[in-house]
Amino acid sequence: MLYMYNVSVPPFTYNTLVANIGSMRNCGLEVAVGVTLLKTEDMELNINANISFQRNKLLSLGGTYNGEHIGASEYKSMASLDGAGFHGGYNHIVYQIVGQPLGVFYLPHSNGLSSDGYGGYKYDVADLSGNGVSLEDGEDRYIAGQAVPKAVVGSNISFRYKAFDLSIQINGAFGHKIYNGTALTYMNMHIFPDYNVMADAPQTNIKDQTATDYWLERGDYINFDYVTAGWNIPLRGIKKYIQTLRLTVTVTNLATITGYSGITPMISSSTVSNTLGLDDKRNYPLARTYTLGLNINF
Amino acid sequence: MKKDRIIHGLLAVCCLSLFSCSGFLKEDVRDGIEGEGAYRTLSDLYLNSVASLYNHVGGYADSQGLQGTGRGIYDLNTFTTDEAIMPTRGGDWYDGGFWQGLYLHQWGVNNDAIVLWFISYWQNWH
């Protein structure tokens, strides 16, 4: 696997080197099923479904190149929080760590909220290493889950009864987590102006914005991508002028079933980027659209 | 006799080819200053040593430059002392505890600003 390493000069002529040394394992299983459950003159029901399981592991990153040992840092940040008050510091959320899947949440653990002594609350960061709390990489942080879904499902169901038909597309993803940076930011009452916060924020009264696993949530969801209902209007007297007449109603992004508390669980969860696994104030919510269609064939 | 003639012939060819090579290895620099020429006069000395440092005063991103862009050498030298303190305004400027970490001397080996400044230093002016 190719990777760009930082190398020393000399012996190398330039300080970075793309070398084919590391290795990564990808394995998975994809199953697709299509069944016609019912087929009569008046009625027809088709179900198509697929599910794919994917597993990824970064096996090694480094080795010997032309007699020189080269390697990457043990903890490499991939995605971090951003925005006012979140620039730099301990705001790294998603990491690339050898021996783990690409894109894991490597975070301090929060035991919940504790009083800050001034009437507010702060995140109670656990002392995992037992030698005092430190948010440094390799100290009080642990691997809290992965950003990429372990399973992705998709299904299309179509049903017809006489001249009426209905078609539904359902998508889903399971086994991954989402870091709710939006809630971390806007549940913080120690923000200016303090009226630009979430509805629950004044009551919860958190006055802290330390990135811990407190706002790491399960990202599992099922989304009803679209539903289309159609009616092929029977033509009796006007068949001479019009061949077919079809009326449709489509709703896209009908509903999402999820335990995730943010606006949408459909964020950047599959590609390696600086927003992988992060819901960080930057996601524009998906719109639900209603479409009414009339199709006339002369 | 025939063998000698071949050897002499080869030697002659070798000598000729060596002589013909000597010319084009000579450098005729038109777009730069040769090593010795760089510091010949007082103004050359100034331009090529002191003045060129001004190219590296600033930078294009965080943690670069001799004087330092944001989170560069100036910030690292100043906010780690009692000379200055970076207060937070509400949650703004908290920045993951970065400024507090500098003031309290709690930065670690993976501190972005220190790593980036170090890389910038070694790449540009070392």
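Here are some notes:
- Placing pseudo-labels 7 Å out from each Cα toward the beta carbon at A:LEU235 and B:GLN106 gives an inter-label distance of 7.6 nm.
- Take each residue of peptide A:191-197, count the partner chain Cβ atoms within 10 Å of its Cβ, and average: the result is 2.
- Segment A:189-259: chymotrypsin sites (Phe, Trp or Tyr not before Pro) falling in loop per DSSP and having at most 14 other Cβ within 10 Å: A:TYR195, A:TYR241
- Average accessible surface for segment A:207-298: 61 Å² per residue, computed with a 1.4 Å probe over protein heavy atoms with every protein chain in place.
- Model label points for B:TRP122 and A:LEU247, set 7 angstrom from Cα along the Cα-to-Cβ axis, are 7.3 nm apart.
- Note on A:GLU44 and A:PHE164: the extension gain reaches 42.1 nm, defined as 0.36 nm multiplied by sequence separation minus the Cα-Cα distance.
- Applying the criteria of a DSSP loop state and at most 12 other Cβ atoms within 10 Å to the trypsin sites (Lys or Arg not before Pro) of segment A:220-280 yields A:ARG236, A:LYS239, A:LYS240.
- Pairs exceeding 29 Å between alpha-carbon atoms, taken from A:LYS150/A:LYS281; A:LYS57/A:LYS122; A:LYS39/A:LYS177; A:LYS122/A:LYS177: A:LYS57/A:LYS122; A:LYS39/A:LYS177.
- Residue order by solvent-accessible surface for B:ILE6, A:ILE93, A:ILE242, B:ILE114 is B:ILE6, B:ILE114, A:ILE242, A:ILE93, largest first, with ligands and nucleic acids left out and a 1.4 Å probe.
- In terms of packing, defined here as the mean over residues of other Cβ atoms within 10 angstrom, the peptides A:1-9, A:53-61, B:82-90 line up highest first as A:53-61, A:1-9, B:82-90.
- Which of A:ILE178, A:ILE267 is most accessible, then next, and so on - probe 1.4 Å: A:ILE267, A:ILE178
- Partner shielding of B:84-92 amounts to 5, given as the average count of beta-carbon atoms from other chains within 10 Å of each residue beta-carbon.
- A:MET198 paired with B:ASP44, simple spin-label distance in nm, labels 7 Å along Cα-to-beta-carbon: 6.8 nm
- Test item: A:87-96 mean partner chain Cβ contacts at 10 Å: 5
- Share of carbon and sulfur in the accessible heavy-atom surface of chain A [1.4 Å probe, %]: 55 percent
- Heavy-atom accessible area for B:HIS8, with the other protein chains in place and a 1.4 Å probe, reaches approximately 120 Å².
- For segment A:1-149, the solvent-accessible area works out to 54 Å² per residue, with a probe of 1.4 Å and every protein chain left in place.
- Exposure rank, largest accessible area first [A:LYS162, B:LYS26; 1.4 Å]: B:LYS26, A:LYS162
- The apolar share of the surface of segment B:62-102, taken as the fraction of accessible area on carbon and sulfur atoms (1.4 Å probe, ligands and nucleic acids excluded), comes to 50 percent.
- Peptides A:25-35, A:182-192 ordered by packing proxy, namely the average of other Cβ atoms within 10 Å per residue, highest first: A:182-192, A:25-35.
- When chains A and B come together, the accessible area they lose, probed at 1.4 Å and totalled over both chains, is close to 1300 Å².
- Helix-derived mean residue ellipticity, 222 nm - over chain A, DSSP H n ≥ 4, -39500 (n - 2.57), to 500: -500 deg cm²/dmol
- Among the chymotrypsin sites (Phe, Trp or Tyr not before Pro) within segment A:77-179, those in coil by DSSP and having at most 13 neighbouring Cβ atoms inside 10 Å are A:TYR118.
The values are calculated or read from the model by the stated rules, or taken from the named source; none is laboratory data. Note that this is a predicted model, so its numbers are computed, not measured. All Cβ positions, even for glycine, are placed from backbone atoms using ideal geometry, and neighbour counts span all protein chains on display. Please note that ligands, DNA and RNA were not included when accessible areas were found on the heavy atoms of the full protein model with its side chains. Shrake-Rupley method; radii C 1.70, N 1.55, O 1.52, S 1.80 Å.
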